[in-house]
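To keep things clear, I will list the structure first and then write my remarks on it.
The values are calculated or read from the model by the stated rules, or taken from the named source; none is laboratory data. Remember, it's a predicted structure, so these values are computed and weren't measured experimentally. Don't worry about glycine lacking a Cβ; one is built from the backbone with ideal geometry, like all the others, and counts go over all protein chains shown.
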Amino acid sequence: MLGLGYDAAHYQGSMKQPIFQTSTYEFPNAEAGKQFFAWATGKEELPANAEMGHIYSRLGSPNTALLEERLAHLDQIEAAAVFGSGMAAISATLLEFCRPGSVLLHTDPVYGGTHSFMVNYLEAFDIRCFQIKHYWSVEEVVAQVQSAYPHRPVSGFFTESPANPTMDLYSIRKAKKIAEALGSEEQFVPVIMDNTYLGPILSPQHKNGADLVIYSLTKNIAGHSDVIAGAVTGNAELIGRIKKARTFIGGILGPMDSWLILRSLETYTIRIKAQEENTRKVAHFLMTHPAVEEIRYLGNIEDWNPAQQVVFKEEYGGVGSMIALYIKGGEKEAFTVLNHIEVFKLGVSLGSTESLAEHPFTMTHAKVDDDLKEEIGITNSLIRLSIGVEDVEDLIHDLNTALNLII
C-alpha cells in the first residue's frame, strides 16, 4: 500500500506526493476539457485504459485520488471515495441509496450523529427507519419488515459493528442474507457498514458481504486528532454513484487533509498494533478493580455476549482499541472519574494516538431518546475509553487513581 500509485519521477523526484493547493486545473486544450467533463458527469464511461484529468478540486485532486487508491487497496476492494467528514460520507451514501417511500433497516446502537440523521433527517423525507434487533434471525427480520412495511421497498441495511459505544457485533454475513431476501432484480438492497471502530486491517468486511464500508477517517486511520475526514469503499459501480452524489452535495476532502491522511497511512498498522496491545493490558486491569461493574471489549466478548463470540471469530480479525467501561454508580460517579483523569483526555473522538474518555449518555449520544439508550445499553454508568499509545503503566495508574475516588 505504501508505494501504491506514486512515482517520484513524475513529481521532480519528491519522495512524498506534493500538496496540490489549488482550486482549478488548466486543460491542455478544449477537446480535453470536453472529454474530462463527459467522464466526470457520467455522460460517457471512462474507457479502461484512459486517464481522467483534473478539472476542479470539488471533484477531486491528485491528493484525494492517491488516498482513494490506497484506501481501496487496504480494504481489498475496487474503489473508494473520500469526504470532508465521516458524517458527510454517511449522509451522502444514505441520500444516494434511500429514496422517499422506502424503508432503511438499521441496527442500534450507532454513532449518535448517525442515529439523529436517520431518525430526524431521513424520516422528514418519508424514508422510514426500522430498527433490527441483534437476536432476530434472518427469517424473523424478513417477517417483521414485511409486516410493518408491506408496501415499501427496502433501500438498504445499515449497521455499525462493533457498535458505538457498547461494542455489540452484528454479523455482516447475516446482514447480507437479509438484504438479499428483501431485495429483487429491480430493487438492490446494499449492506452498508460503519467500520470506524476496527478499520480495514482488523475488520475486512467486504469479504463477508458488505457492499459499502464507511469510515470516519478522523479516527484510527488518520490517528493524530488533526484532521476531519470520511471515506466509503466498495465496487466501482457503487462508488461511482457515491462520487456523483458527492459532486452535487459538495463534501469533497481537501488536498491538505488528504496529504495528512496519506502521511498517517504509513504508520497505520504499527499504531493499531500498539493500541491493541495497550488495550489488552488496560482491560485486564479494569476487570479486577472494585469500582467496575462490567467492561466490554472484544478480547472478553465471551464474558458479556457469548452468542456473538462465534461472529467475532468468523468475521473479525482483532480486538481494536475501544473499551466500554460500566462503573458502579451513575452520572455522578462517572463524572467524578472523568473529572480526575490526567493522562486520559476528556474528549469525544476515538482511535487517536492519545487516550480519550467520554460519557456517551450525555455527550456523543445526547440526542438519542433516553429510553432507547437504556434499552440498548447506553447507561449513565457507561464511560467510553479509547486507548492510545502512551506508556500503559501510566494509563493504568491514571484510571486506578480516578476509579479509587468512587469506591
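Details
- Residue tally, condition among the aromatic types (Phe, Trp, Tyr) and surrounded by 12 or more Cβ atoms within 10 Å (Cβ to Cβ), over region 126-148: 2
- Selection from region 187-214 of residues that are under 11 Å from THR233 (Cα atoms) and part of a helix (DSSP H, G or I): PRO200, GLN205, HIS206
- Only listed residue being in contact (Cβ under 8 Å) with a residue 12 or more places away in the chain, within 17 Å of THR93 (Cα to Cα), of a type in the set (Asp, Glu) and not assigned by TED's automatic domain parsing to the domain that holds THR379, chosen from ASP194, ASP226: ASP194
- Subset of region 310-323 (residues that are crowded, with 16+ Cβ neighbours inside 10 Å and within 14 Å of SER161 (Cβ to Cβ)): VAL311, PHE312, GLU315, TYR316, GLY318, VAL319, GLY320, MET322
- So ALA307, is it in the same structural domain as ASN380 (by TED's automatic domain parsing) and over 30 Å from ASN208 (Cα atoms): no
- Pairs, first farther than 25 Å from THR379 by Cβ and assigned by TED's automatic domain parsing to the domain that holds ILE214 in region 94-113, second of a type in the set (Ser, Thr, Tyr) and buried (at least 20 other Cβ atoms within 10 Å of the Cβ), C-beta under 7 Å, six or more apart: PHE97/SER155; CYS98/SER155; ARG99/SER155; SER102/SER155; VAL103/SER155; LEU104/SER155
- A single entry from THR247, THR269 fulfils the requirement of being surrounded by fewer than 20 Cβ atoms within 10 Å (Cβ to Cβ), in contact with a Lys or Arg (Cβ under 8 Å, 6 or more places away or on another chain), touching a residue at least 24 places away in the same chain (Cβ under 8 Å) and β-branched (Val, Ile, Thr): THR247.
- Tally, over region 215-248, of residues that are part of a helix (DSSP H, G or I) and either of a type in the set (Ser, Thr, Tyr) or more than 23 Å from SER57 (Cα to Cα) (or both): 1
- Any chance LEU395 is within 20 Å of GLY223 (Cα to Cα) and in a helix (DSSP H, G or I): yes
- Those helices (runs of 4 or more DSSP H) lying entirely in region 1-112 with at least 2 residues basic (Lys, Arg): none
- Where a residue in region 167-190 is charged (D, E, K, R) and its partner, wherever it lies, is part of a loop (DSSP other than H, G, I, E, B), with Cβ under 7 Å and at least six apart: ASP168/HIS134; ASP168/PRO162; ASP168/ASN305; ARG173/GLY209; LYS176/GLY209
- When region 335-380 is filtered for residues that are in contact with a strand residue (DSSP E or B) (Cβ under 9 Å, 6 or more places away or on another chain), outside any helix (DSSP H, G or I) and surrounded by fewer than 19 Cβ atoms within 10 Å (Cβ to Cβ), the ones remaining, listed by number, are ASN339, LYS345, LEU346, GLY347, VAL348, SER349, GLU354, MET363, THR379.
- Within region 274-302, the set of residues being over 21 Å from SER161 (Cβ atoms) and in a helix (DSSP H, G or I) comprises ALA274, GLU277, ASN278, LYS281, VAL282, HIS284, PHE285, LEU286.
- Residues that are closer than 14 Å to ILE272 by Cβ, of a type in the set (A, V, I, L, M, F, W, C) and crowded, with 21+ Cβ neighbours inside 10 Å within region 167-216 comprise just one, LEU198.
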